[in-house]
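The structure appears right after this line, and notes come after that.
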Amino acid sequence: MKIFAETDRLILREILPEDIDGMFKLDSDPEVHKYLGNKTITNREEVIDIINYIRQQYNDYGIGRWAIIDKETNDFIGWTGLKYETKLINNHKNYYDLGYRLIKKYWGQGIATETAHVSLHFAFNNLNTKEIFAAASCKNEASNKVLQKIGMRFIETFYYEDIKCNWFRIDKSEFENTKSLINKPFRIKNY
């Protein structure tokens with residue numbers, strides 16, 4: 001099991017086949033998918049496909065979404081991190097996409113902000129990428145606030161699968177200028 005990063009309260013590690021129950025709880029909840037096109041999963045076979053896709057991203061690109069684990073309880077909270085996007089989305093292709101998704105009981109605790117910030121730190125310091133993009137439904141105020149809080153800059157609105165979304169971008173120099181806005185200590189593990 002690879003641990004990519006830690007904060008005082010969280011472990012960010014590779015998503016494993018053993019995460020099937022947590023992933024099912026996450027992606028079968030209609031409230032979690034409210035701004036994602038209401039495409040909840042209905043069985044564990046779908047979760048296995050998702051986990052296999054993420055694990056293939058690790059093999060193909062050296063990065064993929066990470067499991068968020070509570071250090072105290074060892075509970076699966078959700079996922080965060082980068083995905084190398086090869087599909088054409090908003091006229092962009094072959095880029096790093098920042099995303100996060102949490103089980104509802106963990107909403108409103110700053111976890112998305114904390115883990116998204118760690119993900120950016122990892123991207124710019126370990127992957128040496130030049131820029132990161134993210135999208136959020138225009139109606140998802142919480143997700144849009146997270147992206148703004150970590151220093152991502154709104155670029156434009158666009159439609160993705162009939163959902164009006166905001167498109168965000170950040171480069172390394174912009175990230176360096178916003179690091180002081182986030183005061184959560186964390187460390188990056190080498191792997």
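Per-residue answers, yes or no, for (1) of a type outside the set (A, V, I, L, M, F, W, C); (2) more than 29 Å from N125 (Cα to Cα); (3) buried (at least 18 other Cβ atoms within 10 Å of the Cβ):
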| position | (1), (2), (3) |
| --- | --- |
| K2 | yes, no, no |
| P30 | yes, yes, no |
| K34 | yes, yes, no |
| Q56 | yes, no, no |
| G64 | yes, no, yes |
Review point. Restricting to region 88-123, what's the tally of residues that are under 17 Å from R169 (Cα atoms) and over 15 Å from the mean Cα position of the chain (by Cα)?
Key: 7
Check your understanding: Can you tell me how many residues in region 63-89 are in a strand (DSSP E or B) and at negative phi?
Key -> 15
Review point. Is it the case that some residue within region 80-88 is more than 23 Å from D27 (Cβ to Cβ), surrounded by 20 or more Cβ atoms within 10 Å (Cβ to Cβ) and not hydroxyl-bearing (S, T, Y)?
Key: no
Exercise for review: Output the number of the condition that A123 fails; it satisfies all remaining conditions of (1) assigned to a helix (DSSP H, G or I); (2) hydrophobic (A, V, I, L, M, F, W, C); (3) touching a Ser or Thr at 6+ places or on another chain (Cβ under 7 Å); (4) farther than 15 Å from L12 by Cα.
Suggested key: (4)
Practice item. Looking for whichever is surrounded by 15 or more Cβ atoms within 10 Å (Cβ to Cβ), over 18 Å from S137 (Cα atoms), modelled with pLDDT under 95 and of a type outside the set (G, A, S) here; the options are I41, I51, I69. Which one fits? Key: I41
Revision key, fill the gap. Residue hits (region 90-131; acidic (D, E) and surrounded by fewer than 18 Cβ atoms within 10 Å (Cβ to Cβ)) are D97, E131
Revision key, fill the gap. Result of the Cβ filter at 7 Å on region 8-22, keeping first residues that are over 20 Å from T115 (Cβ atoms) and free of Cβ contacts under 8 Å to residues at least 60 places away in the same chain and partners that are among the aliphatic types (A, V, I, L, M) and outside any strand (DSSP E or B), at least 6 apart or interchain, is P17/I51; I20/V47; I20/I48; I20/I51
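The values are calculated or read from the model by the stated rules, or taken from the named source; none is laboratory data. If you're wondering where the values come from, they're calculated on a predicted model, not measured in any experiment. Using ideal geometry, Cβ is built from the backbone for each residue, glycine included, and neighbour counts are taken over all protein chains shown.
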